[in-house]
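Notes to accompany the following structure.
Taken together, the values in this text are just the output of simple stated rules run on the coordinates, not laboratory data. Small disclaimer: the values here were computed from a predicted structure and weren't measured. Heads up, the Cβs are rebuilt from the backbone with ideal geometry, glycines too, and the neighbour counts pull from every protein chain shown.
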Amino acid sequence: MGAVDLWTTMVVVLVAAMVQSTTGFGFSLLAVPLISLVLPTESAVVIAATLGTLTSSAQAIGQREHGDRPTILRMLAGAAVGAPFGLILLTVASNRQLKFGLAAVIIAFLVINLRGLTIERGSRGVDVAAGTISGVLNTSLSSNGPPLVMALHARHMSPSAFRATISAVFAGTGVITVGLFLASGRYDSDVRKLLVAAVPAMVMGYAIGARVRPHIDPPRFRQAVMVLLTATAIITLAGALMAS
């Protein structure tokens, strides 16, 4: 690990955290593909998933009284089933295949948002299925938001209940993911050093986002983020095509 790897990771984490703080989404969708420009995709996934667990846990604790507990438990049950399969994918997939997977998730997220695709009716089965897919995506790519967002929107929750519920599911899925990463020896010395450096950058990014959020036009900023995600998907696809 060189200085370029360290500083690139810190800058990417800062920017991704600022975007997440300002818009409510985008941390892993930006962080993983951009960090993977200088690090193996597997390491980028471990770093982003671990940082995401820290932030979602803090949010879940602060909003715990508003969460829909039955929905949370169903989604986490699904995540517990799916997460080991995601770890298998992370283990057996090549760096190139992981990059293609990242690009596919980003493109799916963009299509869902731009076309306004929704699930018309929520159900227990939808909750479990969304949790299972989320578990697979979190341990393999650290990008598990789209299925959870679609499933929770189908339940037509209030904004406070939605935020609290999805934060709790993110946190619980993250704990499962970190546990699997620990058990499988994913935290080598380089990853540990990068995490230590990235945490202050993440905190700074969230603080900057909180400060600038009241002074920006949300629709325009969201559009800018969509453009950034599109560029990220293109860069990731190009990296996958060039990867060995």
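List of remarks:
- Interchain or long-range residues, amide H under 5 Å from Ser94's placed H: none
- Mean shadow area of the chain over all directions, Cα convex hull, nm²: 12.4 nm²
- Three principal axis lengths of the stretch 1-144 [C-alpha, angstrom, descending]: 47, 34, 30
- Counted by neighbouring Cβ atoms within 10 Å, the residues Asp68, Asp127 run from fewest to most as Asp68, Asp127.
- Amide H contacts under 5 Å for Ser143, placed H, 5+ residues apart: Asn138
- For the stretch 3-242, a crude dipole built from +1 on the beta carbon of Lys and Arg and -1 on the beta carbon of Asp and Glu, taken about the Cα centre, is about 360 debye to the nearest 20.
- For the stretch 79-143, taking the reciprocal of the average inverse distance between every pair of different Cα atoms yields a Kirkwood hydrodynamic radius of 12.7 Å.
- This ranking places Glu120, Glu42 by how few other beta-carbon atoms lie within 10 Å of each, fewest first, which gives Glu120, Glu42.
- Among the helices of the chain, those built from whole DSSP H runs whose Cα atoms reach 18 Å or more along their own axis and whose mean Kyte-Doolittle hydropathy is at least -0.5 are 3-23, 41-62, 69-92, 95-115, 124-141, 159-183, 189-212, 218-242.
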